Each structure stands twice: as structure tokens, then as C-alpha cells.
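Below: the structure, in C-alpha cells.
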Amino acid sequence: MIKDYLSLALRSMRHRQKRSWLTIIGILIGITAVVALVSLGQSMQRAVNKQFEEFGYNLVTIYPGSLRGGFRGAFSATFEIDTGLIAGVEGVEAVGAMLYKSAYVKGGEPPSQVEGFLPVIGLSPGIARVFSQFKLQEGRFFTDADHYAAILGQNVPKDLGVEVGRELEIEGQPFEVVGLLAESGMGDNNSAIFIPLETLWEILGDRGKVSMVWVKVGQGYDAEGVAERLKARLKEARGKEDFSVQTMKQLQQLIGQAIGILQAFLGGIAGISLLVGGIGVMNTMYTAVLERTREIGVMKAVGAKDSQVMWLFLIESGLMGLVGGAIGTALGLGMDILAVVITKRFIQTNVLEFGFSAWLVFGALAFSFVIGALSGLLPARSAAKLKPVEALRYE
Amino acid sequence: MNSPGLAPLIELREVWKTYRMGKVEVHALRGVSLALEEGEFLAVMGPSGSGKSTLMHLMGCLDLPTRGAILFEGADISGLKGTELAEIRGKKIGFVFQTFNLVHTLTALENVELPMVFQGATRSMRRARAAELLERLGLADRLNHRPNELSGGEQQRVAIARALANDPKLVLCDEPTGNLDSATGRSILETLRSLNEEGRTVVLVTHDPEAAAYAKWRVQLRDGQLVAAVKEAR
């Protein structure tokens, strides 16, 4: 039965080809926008997840204040914290601290000397044990004997005209470049200079203060549990909760939520164009009902029930939605792939990671069919309700 | 006449049909009574505006009377719902129109299949039946032609085949020869006569006496009332 209706609907769509296509394009644009945005959001999420996986889930971070103020706030705030206390908590394998600063740096040889402000990050000796992420492309990590030694982010040699084994100046102090960091998924690290935390305190003050603490959880320990213990212990020692403890899972969830909100917002805007497409379908179907009034009369005369006439029109409008949806989905995914390629190749960041999502495809197809059918509902009802005698008389 | 006790195929009792045209009421039919036995060939004659088409619509269960009763196979249809009327039309009645009213996006074969689609017949059953009917009407080589590729006479034959698709008891024809030249018209009327000879009840609405001559029973409508009836002796 459905098959017969489908073939009848296809027939009538093919007969009104130009108008059918125009209607389909309306749906197509809406679905393309929705699919592209949802798919982009997923790609973003996937890239974030990949970075966290690189990081490893056995890390816990401790920030001053709370994350509610956003990451920017968290990075610029500092606090004094007893890393010895942290190291003593059960399940903590290693502790490292970081201090984010900005400093005046000078590099290269005159006459082609470059100078300006760059982020300078102080690393405590423990960082190397916490992070497998600090992969060096060249040179070595700091030793305890290093004071005026620097490790460069991936982009710094190009920006500043220095290389491993040469010297650069930070706040007027000469530093020896001992290492070059491999490209990092965390974009900020690529243009930063890393020096020992002690040295940073020495040249820029703020002794004892750090921006964040990284804790590596020992094997066999649950990161969440260690985070809870850390929180309790620190609260007890400090007398107040002026810090946040976050596992990588929690952080990942937080970022995921932020992406989700962005996605819902943009998807909503794209949804409006889908609505306009739906109205286009409704308009076309009303015209079709009007044009085919006599045909409807004939169908009723030969025994078509109201419900059968209704289904005939519903399937036709649903089909227009579905065709638009299928093409739109393909285009939307294509746009996502293009965005991924462009960001990787030309902007050289890995903020997007494409992956095929079956539920998105099926969801978009089902949704577009429903949009089409829903838009056809009113016209189909008016077709079904036509009185056979009047429909037959219609010129 | 059929044996007493058996209800007529369709019976009209004091049927009135009134249309509202703005503030004016137009009485298309004023108290028409008529009993049609199975196997009859009735011609309804009359000038335009006499109520012929209205009468045909009522006999075809396309519309309900304003007053009076219509009995189809002895059962009053006045209280029936749209779906039930559609059921009767689909199974028991076939229509042939003056303007053929074929669906122009469908081929001859598919047009004949259409009434069977709504009855839920399988595709193979429909195909076979439609092809058989079209062949019987001399259109064996026109099965896959669309209406605009067919002559008027051919289109009307397709329409007749469509009317016969669900093997109805009653075939209602509204000026079936009105858009055809006289030779083609005659051959269509011959076809209707042979349908009647096979036992099917045929109603022919026409203003053409020559066409009406093919019927066994002729009634005359004027201003919504039956004014004369001629019945041929068997």
C-alpha cells in the first residue's frame, strides 16, 4: 500500500519537477546548516576528547578560586599552596606546579634582533614527572642544576630567531636554550617560553605563588577519589575552600558542556531556516491540492477514502522533506570535512577531528521527513476534506 | 421486473436536493422517486440545469440528498459517513465522465489500476485485471500511453475500463459522448450496451436523444422533476 502511494507521490513530484526541486532546496538549506553545525560541534568535541586522551586521565589539577570565572580568570590568578602537603596525600604519585607570567624577551643577534612580550611559564621540577605531555623535539628537560635555562614552545624559534644551544634574554637576563617542545595540542604552549619556577620567582617576584598545580595519580588509584582526598586535605589545612580540584574527566565534561551549549545555540539558529523550508513545503502542497482538486474528486469517486487521500499528500510532502534531507545531510557533512581540512592544513590547529556519526545521519533524515510530513499535514487535511461533488466540478 | 421481495439496486424516494447560492436556495431536485432494478439500462435525459448531474451524483453516492431517502441495495445511505460512502463507491459503482477525468501523470494501465489501489489489491492482481480490461476494450497496444498520447475515444475507453476495475454492479455515465465525434460516440455507446447485456446496471445521463436510444428505459427531467418515462417492452 505504502509502496503504491510512494510511486504515486513520486509521479506527481516528477510532473511538477521545477517546483518540487525549489521546495526541496528550501529544506535542503536548512538541513545542511543544521547538520554542518551539529557535525562541527561533534568534531570539536572529538578533538577535545583526543587531547584529553593524550593528556591521560590520571591527572588532577588544582586552581586558585573556582572555574566558574572561566579559564582566563583561572590562568591569571595565583595562589600559594603547600606542594609538600599535596605530595603526602594517598594516591599522589607526582606533583608539579606552573606559574604563568608575561615577560619582555629578546632573541637573535643584532642587527636582526627581535624583542617583545611573550608568555613565560615557570615549571617546578616535578612537572617532568607529572607530564608525559612535555614531549621534547630537541634538547633536554631542566636538571636541578639549571637556573637560567629555557625550553621553547614549538613556534618560538621562528618568532624570536633563536634555537637550541643559543641564548635569549628574559627581562634582561641571559638564558640558555636547552630544549624545544614538540608541537602541543594546547595551542598556548606553542608560543610560550618555559623556565624553572625558581628562576621565574627570582626575576619577576611573586615568590611562592603558582597559577596551577598538576597532580599525577598513581597506578591503581582512582583519580576522582584522589581529587576528593586532595580537596578535603587542602580545605582542612587552609581553613577555606579558595581553590578548585578538578580531574581531567571533570574538566572534559565542563568543556563538553560548553561546546554543547554553543552547538544548541547555533543549531537553533539553523533550525529557523529549516522552519522556513517547512513553510515552503506547506505552500507547495497547498498549491498542489488546489491544482489537483479535480484529480482528488476523481480519486474519491473511484473509492478513495478521506484518509487515503490524506496519506497520498502526506507521503508526497514527506518525500520532498526526505530528498532535501538526504542531499542536505551530505552537504552538511561535506562542509564539516572541509572545515576540518582547512583548520588542519591552513590554520594548523587540531581543534577539529572529523568522524562519521550514524545517528546524526539517520536523525537528520528522519527529522527532514517529519518536517516535510508535518508541513504537509494541513494541506493534506484540506485535500482529504474536499467534497467529491465540488472537487469534480472544480475547473 | 425482478422477482418480488428482492430490493431494487438503487431506489430514490421523494428526493430533494437544495443548494444555497448566497442567499438564494436553488432546488436542483424536487421530489424525485425512482427505482432501478439490477440489469437495467437507464437514460436520464433533460436540458442543462434540469438536475441530471445532481441525480447522477446522488445515485453514485457522491453526495447526500437534502430531503428524502436513497436506498442502495435496500439500505438507506442518508445517514452514512464519508468513509462508508467511499466504500460503496469503490466496490459497487463505476463512473464515466464527459471529460474522461483521467489522471494525466499516470499511464492508461495505472489509471485503470487506481480504483484497485484504494481497495488494497496487490500489484500483480491489479496489473493483470487492468490489462485484461484494457484489452477487452481494444486498447491492448495503448497500455503504457499517457492520457495526452491518446485520442478522445481511447481516453473514454480507458475511463470505462477504470469504471469496471472493481467489478461494480452499477456504472454511471455522465454525458460520456459529449466530447466525442458521433462515430466514436456510437462505439462508446455500443460498449455500454454490451456491458449492460453482460448484466451490469448502466445509467446514462445525456441530453442527446440518439444516445438515449441505446437505453432500455428513458426518463426525462425538467426543473428537478421527472416529467416522462418510456420503458421498452422486453
For chain B, convex hull volume per residue from C-alpha positions, Å³: 138 Å³
Likely footprinting exposure, B:THR201, B:THR83, B:THR66, fewest C-beta neighbours within 10 Å first: B:THR83, B:THR66, B:THR201
Expected 222 nm ellipticity per residue - DSSP helices of 4 or more, -39500 (n - 2.57), all of chain B, to 500: -10000 deg cm²/dmol
Kirkwood Rh, Cα atoms: Rg over Rh of the stretch A:179-236: 1.07
DSSP-defined antiparallel bridges as percent of all bridges, chain B, nearest 5: 55 percent
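What pairs from A:LYS135/A:LYS158; A:LYS101/A:LYS240; A:LYS135/A:LYS216; A:LYS158/A:LYS344 go past 23 Å between their alpha carbons? Please list the in-between numbers first.
Working: A:LYS135/A:LYS158 19 Å; A:LYS101/A:LYS240 26 Å; A:LYS135/A:LYS216 16 Å; A:LYS158/A:LYS344 19 Å.
With Cα atoms farther than 23 Å apart: A:LYS101/A:LYS240.
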Radius of gyration, Dmax [the protein assembly as shown; alpha carbons; angstrom]: 42.3, 131
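In whole Å and largest first, what semi-axes does the C-alpha gyration tensor of the stretch A:133-274 yield when each eigenvalue is scaled by 5 and square-rooted? Intermediate values should be presented prior to the final figure.
Numbers: eigenvalues 236, 134, 46 Å².
In descending order the semi-axes read 34, 26, 15 Å.
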Relative contact order, percent, chain A [alpha-carbon distance under 8 Å, six or more residues apart]: 29 percent
Choice from B:VAL103, B:VAL112, B:VAL15 with maximal GNM fluctuation in chain B (Cα, 10 Å cutoff): B:VAL103
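Per residue of chain A, what 222 nm ellipticity follows from adding -39500 (n - 2.57) for every DSSP H run with n ≥ 4, rounded to the nearest 500?
Mean residue ellipticity at 222 nm (helix-derived): -18500 deg cm²/dmol.
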Alpha carbon centroid spacing (whole Å) that separates the stretch B:133-193 from the stretch B:27-49: 23 Å
Ranked A:LYS209, A:LYS235, A:LYS101, criterion: other C-beta atoms within 10 Å, fewest first: A:LYS235, A:LYS209, A:LYS101
Percentage relative contact order, the stretch A:59-218, counting C-alpha pairs under 8 Å, at least six apart: 35 percent
Cα-derived Rg to Rh of the stretch A:59-218, Kirkwood definition: 0.97
Net charge dipole size for the protein assembly as shown [Lys, Arg +1 and Asp, Glu -1 on Cβ; Debye, nearest 20]: 2600 debye
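Stokes-Einstein at 37 °C, 0.692 mPa s, Kirkwood radius from Cα pairs: D for the stretch A:262-395 in µm² s⁻¹?
Details: Rh = 17.0 Å.
The Stokes-Einstein estimate is 193 µm²/s.
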Taking chain B and dividing mean pair separation by its residue count, relative contact order in percent (alpha carbons under 8 Å, at least six apart): 28 percent
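Roughly what % of DSSP beta bridges within the protein assembly as shown run antiparallel, to the nearest 5?
Antiparallel: roughly 70 percent of the beta bridges in the protein assembly as shown.
Give the Rg/Rh ratio for the stretch B:46-138, taking Rg as the radius of gyration of the Cα atoms and Rh as the Kirkwood radius, to two decimals. Write down the numbers at each step before the final one.
Numbers: Rg = 15.8 Å, Rh = 15.3 Å.
Checking Rg against Rh, the ratio lands at 1.03.
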Nearest-ten-degree value, helix A:223-238 long axis tilted from longest Cα axis of chain A: 50 degrees
Candidates A:GLY303, A:GLY41, A:GLY107: whichever shows maximal mean-square fluctuation once chain A is modelled as a Gaussian network with Cα springs under 10 Å: A:GLY303
Cross-link partners of B:LYS216 among lysines (Cα-Cα below 16 Å; sequence separation of 8 or more within a chain): B:LYS231
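Read the figures in this text as sums done on the coordinates, not as results from a lab. As the structure is a prediction and not an experimental result, all values here were calculated from the model. Cβ atoms come from the backbone with ideal geometry, glycine included; neighbour counts cover every protein chain shown.
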